[in-house]
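S.K.: Handing you this structure, nothing more for now.
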Amino acid sequence: MEITPSVEITPSVAVPDVAAPRRRRGAVNGLLILVPTALLVTGATFAATSILGGSDPSTCADGTPRTNLTITTAPSLAVPVRALAAAYERAHGDRDGPCPTITVQATPSDRTLDAVARASPSATSIPDVWIPESSDWLALGQESASAAPKLPLRATTIAGSPVVIAMPREMAQQLGWPERHLSWAELSADAAVQGFWASQGHPDWGQFRFDMANPDSSAAALRAVIGTVSAARGIAPAEMSAGTFDQDRAAQATTVRLERLTTWLPTYDGQLFDAERAGAVPGGGRPASAFPALESDVIAYNRSLAGTGGSSQVRGSTLVAQYPSDGMFTASVPYIVLTHTSDVQAKRAVAASLLDFLGTDAGRRVLSDAGLRTPAELAGHDDPAGLADKLTITDGVRATPPKLASIDASDSTLGTARRFFRHARQRGAAIAVVDTSASMRLPVTGQPGRTRIQTASDLAVAGLQVLGPTSDLGVWQSAGALPDGHRVLAPMASLDAPAPTGTHLDELTSIARSLRTGGATTLYSTILAAVRDRQAHFTTGRLNEIIVITDGLLGNAPSTTSGDANQQGRTGSTRTSRNSSAGQDGSTSQDGSTSRNGSLSQDGSEAPAAGEPTLDETVEQLRADYDANHPVRLVIIACDPAADATSLQRLADATGGRAYIAPDALGLFGIYADTLTTAN
């Protein structure tokens, strides 16, 4: 269960005295705890002064109405933004209009973007100015058809922070820090090694635990996805496109692997720092060995561990910043003036004047005091008001970060990466139906030395490795030799659930390797029974599916109507004789039931069992049973290249699913990726 944070930690900063800009700069020496919902700070300083002085707090010195400007900022930026807003108000509060009253609220950037997307263009519920922790949120907004009209095409960068890999100092030193820095590729590789820390001489550290915040709500985590795929595929972020995450199977597989390696996926970055401070994640377990973060958040965390009263004594282990050589990104803090603000002259003037103030020495000092790099520093230049001269060894970061790429990932790349990771988090609640009728013992078409059941078994085992470890899966067998034409080989359970020998995954793998064939085909009746079972036990929030593995040679289970495929089976269908040769020899199965053995044709197809519905009847019933609010989809995988693709696709279409013919290993992952991205 994901736990929403109750607090967000942000650094405190000294409020500048704009009347005396040479005053000694304030130091970052403490924390302010903020609830990460809309916390409002109004222009109370000016109002109190005006009331005491007898003037009207709602008007400027010349009697014109004051200009109210609302700012929404990321919780990690709330302290410096509020300090700057208060300083600006003091400097401009008693002049002729327009004079400002500035309201600052702290809201996570993903929630702000959602609010902007949902609001009408003139809605008062959205801010006049938005200052998220990364310009990625503006890029994601530009990619949204509903948000883009309310946002400018570009925004001015007021500060920034490199995206780094945060690690406890002693762990980083074990891997060669500060001389050597972990890369994105090494991060994912190390997290996959069982006993990694034991191999480094520290079994007491447990497993190498990789955690990150959800890329849906964390700019640092989204950049970790981009960086990891960039390193794995050898594609620079600037060369990526929407197709990298929508179509490139290798990139999708890397993303899925990263998601599987993530031990804990909290909503926000602050929860990761809270776990490091507490020494445990919620529910127990060690905190992360490494996680993506903003450099400024690493600085704020380390300073929060320092003693009070200016002492440099540190309580507990600090974190250090690793700067990955295979993908350096910066989270540029943008000053976003929404389009409705620009339409009001007074608001536009105040927003522009405040932006100018943020660029002054006093403004830059407040931002750098909060651990942010100034625009000059991000460009590789020295800045007397910048961060570099304020850093100490306990901050855990470089005085000068590595050079950042000048051309970055596009809006569409960020959007598709974010969406595909969201898809990768989905888990299944599925029944796997394996056809074990008599035709499955025959050779695969074009491969005389390999039977269809062998191929089906290999596909089943490979498919088990693709599914997420917490997916729920049950296995059914379909054949005429079985009572009712099918039976449950393994009930629904999570793949990582314990079983008599190993896990449920181990149990299913053993079942897949020991399948036996016999009897006429009962595929249609089994599909109907499995779909109805899943509908009756529908699992909300999961991919409810029936995964069918068959040779797809359906014999004389014909479509009994003519015309367009979309119309077949809808009206006027009549059953043909389907008695075949089932039970002609009077044999019985081991459990005493009457055998329903079908006769095989020259192409290896077989007659259906007695009482089996036709293709048209099955399609019609699937359509009738389909519930769009509780969709159960058919994913049909034919293990023989000569399978009846048209009939299989008709079955799948009736549920919004798809049919696939003789996929290889990469094709199996493609089936999984298709299922993730086409589900509701």
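The values are calculated or read from the model by the stated rules, or taken from the named source; none is laboratory data. The structure displayed is predicted, hence computed values, not measured ones. Reconstructed Cβ throughout: ideal geometry from the backbone, glycine too, with neighbour counts over all protein chains shown. Heavy atoms of the whole protein, side chains included, go into the accessibility calculation; ligands, DNA and RNA do not. Shrake-Rupley method; radii C 1.70, N 1.55, O 1.52, S 1.80 Å.
S.K.: What is the residue count in region 500-517 for residues that are among the aliphatic types (A, V, I, L, M) and over 20 Å from Thr539 (Cβ atoms)? Give the steps one after another, and end with the answer.
M.R.: Initial filter on region 500-517 (among the aliphatic types (A, V, I, L, M)): 505, 508, 511-512, 515.
Of the ones still in play, those that are also over 20 Å from Thr539 (Cβ atoms) are 511-512, 515.
Number of matching residues: 3.
S.K.: To continue, here is another question. Any residue at all in region 258-266 that's open to solvent by 30 Å² or more (accessible area, probe 1.4 Å), over 15 Å from Asp211 (Cβ atoms) and either part of a strand (DSSP E or B) or charged (D, E, K, R) (or both)?
M.R.: no
S.K.: Same structure again: Regarding Leu473, is this residue in contact (Cβ under 8 Å) with a residue 12 or more places away in the chain and surrounded by 23 or more Cβ atoms within 10 Å (Cβ to Cβ)?
M.R.: Values: in contact (Cβ under 8 Å) with a residue 12 or more places away in the chain: yes; surrounded by 23 or more Cβ atoms within 10 Å (Cβ to Cβ): yes.
Yes; evaluated as a whole, the condition is true for this residue.
S.K.: Looking at (1) open to solvent by less than 40 Å² (accessible area, probe 1.4 Å); (2) modelled with pLDDT of 80 or more, can you tell me which one Ser120 breaks?
M.R.: Against the list (1) open to solvent by less than 40 Å² (accessible area, probe 1.4 Å); (2) modelled with pLDDT of 80 or more, Ser120 comes up short only on (1).
S.K.: Okay, next question. Can you say whether Ile158 is part of a strand (DSSP E or B) and either within 19 Å of the chain's Cα centre (by Cα) or surrounded by fewer than 16 Cβ atoms within 10 Å (Cβ to Cβ) (or both), as far as the supplied structure shows? Quick ask: steps written out before the conclusion?
M.R.: Details: part of a strand (DSSP E or B): yes; either within 19 Å of the chain's Cα centre (by Cα) or surrounded by fewer than 16 Cβ atoms within 10 Å (Cβ to Cβ) (or both): no.
No, not satisfied.
S.K.: May I ask you to list the residues in region 306-325 that are at pLDDT 90 or above and open to solvent by less than 50 Å² (accessible area, probe 1.4 Å)? Steps first, answer last, please.
M.R.: Taking region 306-325 and keeping what is at pLDDT 90 or above, we get 318-325.
Once the filter is applied, which keeps residues that are at pLDDT 90 or above and open to solvent by less than 50 Å² (accessible area, probe 1.4 Å), region 306-325 yields Thr318, Leu319, Val320, Ala321, Gln322, Tyr323, Pro324.
S.K.: Do you know which of the residues in region 448-469 that are among the polar types (S, T, N, Q) and modelled with pLDDT of 95 or more is farthest from Asp533 (Cα to Cα)?
M.R.: Narrowing region 448-469 to residues among the polar types (S, T, N, Q): 451, 454-455, 457, 465.
Restricting the remaining residues to those that are modelled with pLDDT of 95 or more gives 451, 454-455, 457.
Details: Thr451: 30, Gln454: 27, Thr455: 27, Ser457: 24 Å.
Ranking the candidates gives Thr451 first.
S.K.: Same structure, new question: Among the residues of region 414-427, are any under 30 Å from His381 (Cα atoms) and crowded, with 19+ Cβ neighbours inside 10 Å? Steps first, please.
M.R.: Narrowing region 414-427 to residues under 30 Å from His381 (Cα atoms): 414.
Next, only the ones that are crowded, with 19+ Cβ neighbours inside 10 Å stay: 414.
The answer is yes, given that some residue of region 414-427 is under 30 Å from His381 (Cα atoms) and crowded, with 19+ Cβ neighbours inside 10 Å.
This table checks each residue for (1) surrounded by fewer than 23 Cβ atoms within 10 Å (Cβ to Cβ); (2) free of Cβ contacts under 8 Å to residues at least 40 places away in the same chain; (3) not in a loop (DSSP other than H, G, I, E, B).
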site: Ile431; (1), (2), (3): no, no, yes
site: Gln454; (1), (2), (3): yes, yes, yes
site: Ser457; (1), (2), (3): yes, no, yes
site: Ala462; (1), (2), (3): yes, no, yes
site: Ala490; (1), (2), (3): yes, yes, yes
site: Ser510; (1), (2), (3): yes, yes, yes
site: Leu515; (1), (2), (3): yes, no, no
site: Ile527; (1), (2), (3): no, no, yes
site: Arg532; (1), (2), (3): yes, no, yes
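S.K.: Considering only region 170-255, give the helices (runs of 4 or more DSSP H) lying wholly within it that have at least 2 residues that are open to solvent by less than 40 Å² (accessible area, probe 1.4 Å) and touching a Pro at 6+ places or on another chain (Cβ under 6 Å).
M.R.: Details: elements: 184-191, 196-199, 219-233, 242-246.
The helices (runs of 4 or more DSSP H) meeting that bar are 219-233.
S.K.: Here's another thing I want to ask about it. Can you name every residue in region 439-452 that is small (Gly, Ala, Ser) and either outside any helix (DSSP H, G or I) or open to solvent by 10 Å² or more (accessible area, probe 1.4 Å) (or both)?
M.R.: At the first step, the residues of region 439-452 found to be small (Gly, Ala, Ser) are 439, 446, 449.
Correct list: Gly446, Gly449.
S.K.: Something else about it: Of the residues Arg286, Arg277, which is charged (D, E, K, R), open to solvent by 30 Å² or more (accessible area, probe 1.4 Å) and touching a residue at least 40 places away in the same chain (Cβ under 8 Å)?
M.R.: Exactly one of Arg286, Arg277 is charged (D, E, K, R), open to solvent by 30 Å² or more (accessible area, probe 1.4 Å) and touching a residue at least 40 places away in the same chain (Cβ under 8 Å), namely Arg286.
S.K.: Just give me the residues in region 282-300 being among the hydrophobic types (A, V, I, L, M, F, W, C) and more than 20 Å from the chain's Cα centre (by Cα), in sequence order.
M.R.: Across region 282-300, the qualifying residues are Val298, Ile299, Ala300.
S.K.: Within the group Thr521, Thr503, which residue is surrounded by 18 or more Cβ atoms within 10 Å (Cβ to Cβ), modelled with pLDDT of 50 or more and not hydrophobic (A, V, I, L, M, F, W, C)?
M.R.: Details: Thr503 fails: surrounded by 18 or more Cβ atoms within 10 Å (Cβ to Cβ).
Exactly one of Thr521, Thr503 is surrounded by 18 or more Cβ atoms within 10 Å (Cβ to Cβ), modelled with pLDDT of 50 or more and not hydrophobic (A, V, I, L, M, F, W, C), namely Thr521.
S.K.: So which residues in region 624-670 are assigned to a helix (DSSP H, G or I), open to solvent by 10 Å² or more (accessible area, probe 1.4 Å) and within 26 Å of Val444 (Cα to Cα)?
M.R.: Within region 624-670, Ala645, Thr646, Ser647, Gln649, Arg650, Asp653, Ala665, Leu666, Gly667, Leu668, Phe669 qualify.
S.K.: Here is a further query. Can you name every one of the helices (runs of 4 or more DSSP H) wholly within region 343-386 that holds 1 or more residues which are acidic (Asp, Glu) and open to solvent by 50 Å² or more (accessible area, probe 1.4 Å)? Walk me through how you get there before you give the answer.
M.R.: Details: elements: 345-358, 361-369, 375-378.
The helices (runs of 4 or more DSSP H) meeting that bar are 345-358, 361-369.
S.K.: Report whether or not Glu143 is within 30 Å of Val366 (Cβ to Cβ), open to solvent by 20 Å² or more (accessible area, probe 1.4 Å) and in contact with a Ser or Thr (Cβ under 7 Å, 6 or more places away or on another chain).
M.R.: Numbers: within 30 Å of Val366 (Cβ to Cβ): no; open to solvent by 20 Å² or more (accessible area, probe 1.4 Å): yes; in contact with a Ser or Thr (Cβ under 7 Å, 6 or more places away or on another chain): yes.
In short, no.
S.K.: Can you pull out every residue in region 34-89 that is part of a helix (DSSP H, G or I) and at pLDDT below 80?
M.R.: Pass one, region 34-89, residues part of a helix (DSSP H, G or I): 44-53, 75-89.
Answer for region 34-89, where residues must be part of a helix (DSSP H, G or I) and at pLDDT below 80: Ala44, Thr45, Phe46, Ala47, Ala48, Thr49, Ser50, Ile51, Leu52, Gly53.
S.K.: Take region 172-196 and flag every residue that is of a type in the set (A, V, I, L, M, F, W, C) and over 27 Å from the mean Cα position of the chain (by Cα). Spell out how you get there, then give the answer.
M.R.: Initially, region 172-196 is screened for residues of a type in the set (A, V, I, L, M, F, W, C), giving 172, 175, 177, 182, 184-185, 187, 189, 191-193, 196.
Listed by number, the residues that qualify are Leu175, Trp177.
S.K.: Might you check whether a residue that is open to solvent by 30 Å² or more (accessible area, probe 1.4 Å), touching a Leu at 6+ places or on another chain (Cβ under 8 Å) and more than 30 Å from His202 (Cα to Cα) occurs anywhere in region 128-138?
M.R.: Checked region 128-138: no residue is open to solvent by 30 Å² or more (accessible area, probe 1.4 Å), touching a Leu at 6+ places or on another chain (Cβ under 8 Å) and more than 30 Å from His202 (Cα to Cα).
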